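> Before I ask anything, let me first share the structure, which is written out below as structure tokens.
The values are calculated or read from the model by the stated rules, or taken from the named source; none is laboratory data. Since the model is a prediction, treat every value here as computed from it, not as a measurement. Cβ placement follows ideal geometry from the backbone for every residue including glycine, while neighbour counts extend to all protein chains displayed. SASA here: full protein model, heavy atoms, side chains in, ligands and nucleic acids out. Shrake-Rupley method; radii C 1.70, N 1.55, O 1.52, S 1.80 Å.
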Amino acid sequence: MKIAIVNDMLLAIEALRRVLTSVPDYELLWVARNGSEALDKCASVRPDLILMDVFMPVMDGVEATRQIMRDCPCAILLVTSSINTHLPQVFEALGYGALDVVITPILGHYGTAEGGETLLEKIRTIHKLLGKPVSKNPKNLIPVKSCYTNKPYPPLVAIGASTGGPTAIAKILSQLPQNFRISVAIVQHIDVQFSASFVQWLSQQTRLKVELAEVGMTPQPGKIIVAGTNDHLFMRPDRTLGYTKHPVNNPYRPSVDVFFTSLAENWPGQGLGVLLTGMGRDGAMGLSVLRSAGWQTIAQDASSCIVYGMPKAAVELGAVQESLTPEAIGLKLLSL
């Protein structure tokens with residue numbers, strides 16, 4: 001795997017280099033000291049993955065991510081010294097197509113890179129997503145026994161997203177009024193250490209209350225709940241939420257497929273399933289199961305996606321009733 005580093009701090013570059021050289025299969029392709037330099041190098045020699053700092057002189061990581069994903073797209077992992085300090089910039093870059101974010105490793109007293117294992121785990125996951133898409137075979141999902149009925153449960157909107165998802169989700173939620181009386185549940189591919197920051201950021205984009213999904217919680221009208229761990233969010237038969245490690249071999253964590261499939265099995269009210277921009281196929285099978293259970297289904301359209309992977313897979317499965325922009329999806333929710 002050919003990996004590039006974009007960072008203006010020599011100590012950070014050295015820490016990242018030591019982490020990468022610990023894995024024989026990883027090759028450090030080039031190093032850039034700012035976003036502008038990274039654009040030039042990426043256009044000449046495109047890596048499989050870029051470890052992108054957020055704040056740099058000349059051109060920061062946000063603008064560099066935007067231009068790279070537009071002109072010479074490749075996988076980008078944000079590497080920053082602080083999430084909370086740089087929260088708006090991090091989610092803006094994720095909206096442009098960065099896959100994930102991790103804290104920059106630091107050099108310890110004995111020259112080791114502390115925090116390196118977390119970075120390597122992220123890289124391994126991205127490597128799987130780039131080269132080994134999740135099987136279309138639904139045997140890895142929670143088994144479905146559809147119990148869709150017309151019982152008096154409130155409508156539920158379930159949203160799944162990955163690459164570019166934060167911006168798309170924000171565009172949808174920003175249109176919802178304070179008196180919106182429908183439950184919303186979101187599964188966004190994001191690491192547990194940043195899920196609380198994601199909720200904090202989303203709270204600034206909407207008039208509605210946004211909370212991390214907790215074990216035992218039930219979707220409530222007018223409230224937005226967000227999957228908050230690296231395990232898979234799912235709905236139990238008693239309509240409460242829980243987390244599960246299974247399937248353990250699923251590289252998408254938390255998995256949209258697992259959540260959507262559990263809703264088809266256990267939510268007896270009306271529902272709308274929404275699958276947004278993202279790499280891979282996660283959510284496509286789950287959306288198909290929701291449609292079979294009587295839910296309305298929407299996918300983000302190709303023109304507005306950062307990565308038209310997950311929605312495209314759902315369209316190919318026949319799981320999608322409408323393909324819309326995030327703005328149009330927001331209007332659709334209002335019409336409910």
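> Relative to the compact globular guide of 2.2 N^0.38 Å, what is the alpha carbon radius of gyration of region 194-336, as a ratio?
1.01
> Rank SER174, SER335, SER288 by accessible area, highest first, at a 1.4 Å probe radius?
The ranking, largest first, comes out as SER335, SER174, SER288.
> Where does helix 326-335 land angle-wise versus the long Cα axis of the chain, in degrees 0 to 90, nearest 10?
Here the helix axis deviates by roughly 20 degrees.
> Quick one: work out Rg over Rh on the C-alpha atoms of region 148-225, Rh as Kirkwood radius.
Taking Rg over the Kirkwood Rh, I get 0.96.
> Using the Cα centre as the reference, give the magnitude of the dipole from point charges on the C-beta atoms of region 183-336 (Lys, Arg: +1; Asp, Glu: -1; all else neutral), rounded to the nearest 20 debye.
Roughly 180 debye, rounded to the nearest 20.
> Something else now. So which of LYS2/LYS312; LYS171/LYS209; LYS2/LYS41; LYS122/LYS223; LYS245/LYS332 end up more than 24 Å apart by C-alpha?
Where the Cα-Cα span goes over 24 Å, the pairs concerned are LYS2/LYS312; LYS122/LYS223; LYS245/LYS332.
> Any idea of TYR308's accessible area? Nearest 10 Å², probe 1.4 Å.
80 Å²
> Further question: Apply the Karplus curve 6.51 cos²θ - 1.76 cosθ + 1.60, θ = phi - 60°, to the phi angles in region 165-177 and return the couplings in whole Hz, x for Gly and Pro.
Karplus-based 3J(HN,Hα) across region 165-177 equals x, x, 5, 5, 4, 4, 5, 5, 5, 5, 8, 7, x Hz.
> Along the charge dipole of the chain, which of ALA170, VAL79, CYS42 sits closest to the positive end, that is, farthest toward it, with unit charges on the beta carbon of Lys, Arg, Asp and Glu (+1, +1, -1, -1)?
Ranked along the dipole, the leading option is ALA170.
> Which ³J(HN,Hα) values in Hz, rounded to whole numbers, follow from the phi angles of region 200-206 under the Karplus curve 6.51 cos²θ - 1.76 cosθ + 1.60, where θ = phi - 60° and Gly and Pro get x?
4, 5, 4, 4, 7, 9, 9
> For SER323, what residues show an amide H to amide H distance below 5 Å, using hydrogens built from the backbone and excluding near sequence neighbours?
Under 5 Å from the amide H of SER323: ALA299.
> Oh, and also: How large is Rg/Rh for the chain, to two decimals, with Cα atoms and a Kirkwood Rh?
On the Cα set of the chain, Rg over Rh gives 0.98.
> Moving on. Taking region 187-278, how much of its Cα-Cα pair set, in percent, is spaced more than 14 angstrom apart?
66 percent
> Oh, and also: In region 161-221, carbon and sulfur make up what percent of the accessible area (probe 1.4 Å)?
Using a 1.4 Å probe with all protein chains present, region 161-221 comes out at 45 percent carbon and sulfur.
> Between TYR153 and VAL215, what is the FRET efficiency for a Förster distance of 25 Å, r being their Cβ-Cβ separation, to the nearest 0.05?
Plugging the Cβ-Cβ distance into 1/(1 + (r/R0)^6) gives 0.80.
> Another question about this same structure. Please give the per residue accessible area of the chain, computed with a probe of 1.4 Å over protein heavy atoms only, in Å².
Computed with neighbouring chains in place, this is 41 Å² per residue.
> Taking the Cα centre of the chain as origin, sum charge times position over the Cβ atoms of Lys and Arg (+1) and Asp and Glu (-1), and report the length of that vector in debye to the nearest 20.
1040 debye
> Roughly how big is region 1-71's charge dipole about its Cα centre, with Cβ charges of +1 (Lys, Arg) and -1 (Asp, Glu), in debye to the nearest 20?
100 debye
> A further question on this structure: How large is the accessible surface of TRP30 in square angstrom, using a 1.4 angstrom probe and rounding to the nearest 10?
For TRP30, the solvent-accessible surface is approximately 30 Å².
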